[in-house]
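Written below as C-alpha cells is the structure these notes are about.
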C-alpha cells in the first residue's frame, strides 16, 4: 500500500463534515472505513513490512550489536506490539544467517603455503 496523499485523513474528515450525513449514512461509512483497518493490519502484510524494515537497517550497516535508532509508526498499540515482535524475529533470523555465512567464509591457507586462490580472495572480499 502506498499513500500518495499525505493529507488524506484531513481531506476525508473535511469531505465527511461537508456531506452532512444522517445517522444511517454515518454508520455505513464507519463500516466501509472499518474494513480498511483489516487490510492494513493483515498478518501477511505486517510480515512483509517487518522484513523490509530489517533489510533496510541491515542495508545501512546496522549490525546486531550496533547502536542506532529507528521509529516505526503503527495504526494502534496492538499493531505496534505485533510489529515489534515480527521485526525482532526477522532481525534474529537475519543475524543468524549472516553469522553462519561469515563462519563459512573464514580464511583457509593455501595448501602450497603461498598466495590465495580466487575463491579465497572472493571469501575475503565478501567478509570485508
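Things worth noting here:
- Looking across the stretch 22-62, just one residue is modelled with pLDDT under 85, surrounded by 11 or more Cβ atoms within 10 Å (Cβ to Cβ) and in a loop (DSSP other than H, G, I, E, B), and that is 62.
- Selection from the stretch 92-119 of residues that are at pLDDT below 90 and within 17 Å of residue 48 (Cβ to Cβ): 94
- Unmet requirement for residue 74, which otherwise passes all of (1) part of a loop (DSSP other than H, G, I, E, B); (2) modelled with pLDDT under 85: (2)
- Selected residue (criterion: modelled with the highest pLDDT) from residues of the stretch 2-21 that are assigned to a helix (DSSP H, G or I) and either surrounded by 12 or more Cβ atoms within 10 Å (Cβ to Cβ) or in contact with a helix residue (DSSP H, G or I) (Cβ under 7 Å, 6 or more places away or on another chain) (or both): 16
The values are calculated or read from the model by the stated rules, or taken from the named source; none is laboratory data. Note that this is a predicted model, so its numbers are computed, not measured. Every residue, glycine among them, receives a Cβ derived from its backbone with ideal geometry; neighbour counts consider all protein chains shown.
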